[in-house]
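The values are calculated or read from the model by the stated rules, or taken from the named source; none is laboratory data. Predicted model only: the values in this text are computed from it and were never measured. Using ideal geometry, Cβ is built from the backbone for each residue, glycine included, and neighbour counts are taken over all protein chains shown. Just so you know, the surface numbers come from the protein's heavy atoms only, side chains and all, with ligands and any DNA or RNA stripped out. Shrake-Rupley method; radii C 1.70, N 1.55, O 1.52, S 1.80 Å.
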Amino acid sequence: MRLGITGHRGLSAAIEETVRAGMQARLRGYGASELCGVSCLADGPDTWFAEIVLAFGGRIEAVVPAEGYRAGLPEGHRATYDALLGQAVEVHRTGLRESCPEAHMAGSEILVRLVDRLVAVWDGKEARGLGGTADVVAYARRVGVPVDVIWPAGATRD
């Protein structure tokens, strides 16, 4: 089973704890040999998902939205990004240079086309900019990829 991830960045530690538990519950039913997680490896849910997939004995594939993507990630996340990228069994690239909203959406579209299901750490609200979680969820639904939403009851992003 190929599962993709999309989700809001900058979430609180309390939300992270609940989301990680939700991800573990969803992934626990898959055998290690069948579990493949596809992620852009951004800080937050992308990374938590990839780490859980690997901890469960699955494999990961990475999508790199742009050549400049790594440089746009928080400096404190880059070592984690590098380590996870190094563990990816396959890396998919958009071919774009600049890490911008259009590249991020292009990367997410590639991700969605690669997976059987999409896990979305999503508050259910509209995207705050092109390529946001709501845009990725909408794209997945348009192309017929089932979406499993994880969001703690009563949680907010702000």
Members of region 127-158 that are part of a loop (DSSP other than H, G, I, E, B) and more than 26 Å from GLU17 (Cβ to Cβ) | GLY129, LEU130, GLY131, VAL143, GLY144, VAL145
Quick one: in region 9-31, which of the residues that are more than 19 Å from PHE56 (Cβ to Cβ) and among the aliphatic types (A, V, I, L, M) is surrounded by the most Cβ atoms within 10 Å (Cβ to Cβ)?
-> LEU11
Look through region 84-105, keep the residues that are open to solvent by less than 30 Å² (accessible area, probe 1.4 Å) and farther than 10 Å from VAL63 by Cα, and return whichever of them is farthest from the chain's Cα centre (by Cα).
-> CYS100
Please state which one of ARG128, ARG117, ARG113 is of a type outside the set (Phe, Trp, Tyr) and over 16 Å from the mean Cα position of the chain (by Cα).
-> ARG128
Name the residues in region 24-51 that are over 26 Å from SER99 (Cα atoms) and either out of contact with any strand residue (DSSP E or B) (no Cβ under 7 Å at 6 or more places or on another chain) or among the hydroxyl-bearing types (Ser, Thr, Tyr) (or both), would you?
-> GLN24, ALA25, LEU27, ARG28, GLY29, TYR30, GLY31, ALA32, SER33, GLU34, LEU35
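Every residue in region 92-124 that is assigned to a loop (DSSP other than H, G, I, E, B) and either under 20 Å from ASP43 (Cβ atoms) or modelled with pLDDT of 95 or more (or both), please. Show your work before the answer.
In the first step, residues of region 92-124 are kept if they are assigned to a loop (DSSP other than H, G, I, E, B); the result is 94-100, 115-116, 122-124.
Those that are assigned to a loop (DSSP other than H, G, I, E, B) and either under 20 Å from ASP43 (Cβ atoms) or modelled with pLDDT of 95 or more (or both): THR94, GLY95, LEU96, ARG97, GLU98, SER99, CYS100, VAL115, ASP116, TRP122, ASP123.
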Of the residues in region 33-83, those that are touching a helix residue (DSSP H, G or I) at 6+ places or on another chain (Cβ under 7 Å), under 14 Å from VAL121 (Cβ atoms), open to solvent by less than 20 Å² (accessible area, probe 1.4 Å) and not in a helix (DSSP H, G or I) number 3
Sort out which residues of region 131-158 are open to solvent by 30 Å² or more (accessible area, probe 1.4 Å) and more than 28 Å from MET1 (Cα to Cα), and write them in order of number.
-> GLY154, THR156, ARG157, ASP158
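Residues ASP148, ASP135: which one is touching a residue at least 60 places away in the same chain (Cβ under 8 Å) and under 18 Å from ASP46 (Cβ atoms)? Spell out how you get there, then give the answer.
Working: ASP135 fails: touching a residue at least 60 places away in the same chain (Cβ under 8 Å).
Result: ASP148 is the single residue among ASP148, ASP135 that is touching a residue at least 60 places away in the same chain (Cβ under 8 Å) and under 18 Å from ASP46 (Cβ atoms).
Each row is one residue, and each column tells you yes or no for (1) without any contact (Cβ under 8 Å) to a residue 40 or more places away in the chain; (2) of a type outside the set (Gly, Ala, Ser); (3) in contact with a Cys (Cβ under 8 Å, 6 or more places away or on another chain).
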position: SER33; (1), (2), (3): yes, no, no
position: ASP43; (1), (2), (3): yes, yes, no
position: ALA66; (1), (2), (3): no, no, yes
position: ALA83; (1), (2), (3): yes, no, no
position: GLY95; (1), (2), (3): yes, no, no
position: SER99; (1), (2), (3): yes, no, no
position: SER108; (1), (2), (3): no, no, yes
position: LEU111; (1), (2), (3): no, yes, yes
position: ASP116; (1), (2), (3): no, yes, no
